[in-house]
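Below: the structure, in structure tokens.
Any read-out appearing in this document is the output of simple, stated calculations on the displayed coordinates, not a laboratory observation. What you see is a predicted model, and the numbers here were worked out from it, not measured in a lab. A quick note on method: Cβ atoms are made from the backbone with ideal geometry, for glycine too, and the neighbour counts reach across all protein chains shown.
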Amino acid sequence: MRTLDWVDDGIEMIDQTKLPQKTETLRVETVDDLVAAIKRLSIRGAPALGVAGAYGVAMAARLHDPGGDADRFEAAVERIRNARPTAVNLGAMVDRVAPIARVDPSAALAEAHRIRDEELAASVAMGERGADLVEELVGGSGADRDGVRVMTICNTGGLATVERGTALAVVQTLHERGRLAEALAVETRPLLQGGRLTTWELQRMGAPHRLLVDSAGPFLLARGAADVVLIGADRVAANGDTANKIGSFSLALGAANAGVPFVVVAPESTVDLATGTGDDIEIEDRGADEVACVRGVPIAPEGTEAINPAFDVTPAGLITALVTDRRVVRLDEGETP
Ligand code: MRU
């Protein structure tokens, strides 16, 4: 399953706002439509945002020749880069393709394809390396005999990348090895990426799984319900602090309390050595409506104020390891990215 791709001079993507009820393809042919799709989370997840951003610049280069219509091209590039602030992949991939487009607009698409292919390969590598690490971390426990029980938050599968995913690629690889006892998917308020998307992907891969509300995570870890917590990342700072979907920090605290390994799985493209610590990461505020409503239905009296940080930062000190497509960084042993 390809989450997004370049088809006949446009970007086609699975519209994630419609899942799991409908599997619809959304076709985008203008920068405005791409920016709107990113903002409403039709396309989402750090690596997928990077690929969408890269294709967006290629699209902008076709629509507004950077040599002839430089102002419009640069304005389009800025709009794509700023569509969402926390995932480093979006800005980083825009900044990788834009300079190429400025020199040779026709070369931009080839670079975007390269980025797509790199992310595809990265997902496979993370799945293998992450599954090896999980087996090593939980080896000797009950999980060694019965298979591994994984807890995960948000959606880190093929939908968040191009195919397979990050943390969910590890789950898929464990399942393919016959080593997955169960995946526990945290529903992920307010937009329910865990409840709507991760369950959809786990069902498609035939992996045993159950869904839980966000606030059950730390308690179930204390009760021994999982052997490992696996999360993705939107930005990993130079010291290992990791921004990911809101609720990740609570799970990290719960994992530390329970003595359960807490592992971040993210491609090298999500590691941002230019950002020193988690304090330097901009956290997207998505406004009150998403909290006061569920799927468009109000759950609080009209006029209720709400606070809605889309991400949190887990301090490096709570993270056992970072698994990328190229390496394992043992944060618990003092290593840094
Ligand atoms: O707001 P979202 O759905 O884009 O948030 C996504 C996440 O937090 C993912 O965990 C992260 O991007 C890693 S996905 C491979």
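Structure notes:
- Each of S215, I11, A61 was scored by the projection of its Cα onto the charge dipole of the chain, and the greatest displacement toward the positive side belongs to S215; charges sit on the C-beta of Lys, Arg, Asp and Glu.
- Computed extension length for E333-R295: 9.4 nm, one decimal, from 0.36 nm per residue of separation with the Cα-Cα distance subtracted.
- Within the listed set T23, T304, T161, the Gaussian network model of the chain (springs between alpha-carbon atoms below 10 Å) gives the highest mean-square fluctuation for T304.
- Per-residue extension of 0.36 nm, minus the Cα-Cα distance of A110 and L273, leaves a gain of 56.1 nm for this segment.
- Cβ-Cβ FRET estimate between E136 and E305, R0 fixed at 51 Å, reported to 0.05: 0.65
- Comparing N82, N244, N155 in a Gaussian network model of the chain where C-alpha atoms under 10 Å apart are linked, the largest mean-square fluctuation is found at N82.
- ³J(HN,Hα), Karplus 6.51/-1.76/1.60, whole Hz, each residue of the stretch 100-105, x for Gly, Pro: 5, 4, 5, 7, 8, x
- Longest segment of the chain lacking GluC sites (Glu not before Pro) that sit in a DSSP loop with at most 15 other Cβ atoms within 10 Å: 30-281
- Here the Karplus relation 6.51 cos²θ - 1.76 cosθ + 1.60, evaluated at θ = phi - 60°, turns the backbone of the stretch 157-163 into coupling constants of x, x, 5, 8, 10, 10, 7 Hz, with x for every Gly and Pro.
- Overall, the chain carries a charge dipole of about 860 debye about its Cα centre when +1 sits on the Cβ of Lys and Arg and -1 on the Cβ of Asp and Glu, all other atoms neutral.
- Of the three principal axes defined by the Cα atoms of the stretch 268-323, the extents in descending order read 43, 21, 20 Å.
- Global size of the chain as Cα Rg and Dmax, reported in angstrom: 19.4, 65
- Rounded to whole Å, the principal axis extents of the Cα atoms in the stretch 70-224 read 60, 31, 25, largest first.
- Per-residue ³J(HN,Hα) for the stretch 47-57, Karplus 6.51 cos²θ - 1.76 cosθ + 1.60, θ = phi - 60°, Hz, x for Gly and Pro: x, 5, 5, x, 5, 4, x, 4, 5, x, 5
- Cα-based convex hull, the stretch 221-303, per residue volume (Å³, whole number): 148
- Remark on V228: its backbone amide H falls under 5 Å from those of R149, M151, a criterion applied only to residues 5 or more positions apart or on other chains, H modelled at 1.01 Å from N.
- Orientation-averaged projection of the stretch 206-259 equals 4.6 nm² [convex hull of Cα atoms, one quarter of hull surface area].
- Straight Cα distances below 17 angstrom link K245 to the lysines K39, with same-chain residues fewer than 8 positions distant left out.
- Separation between Cα centres of the stretch 113-181 and the stretch 58-97, rounded to whole Å: 32
- For the pair R27 and D8, the difference between a 0.36 nm per residue extended length and the Cα-Cα distance amounts to 5.8 nm.
- 16 Å tail of the calculated P(r), the stretch 4-116, as % of Cα pairs: 52
- Based on DSSP H segments of at least four residues, each scored -39500 (n - 2.57), the chain has a per-residue ellipticity at 222 nm of -12000 deg cm²/dmol.
- Close amide-amide hydrogen proximity is noted between L180 and V148, H175, each under 5 Å apart and 5 or more residues distant or on a separate chain (H modeled in the peptide plane; Pro and chain starts excluded).
- Beta bridge orientation in the chain: antiparallel %, DSSP, nearest 5: 50
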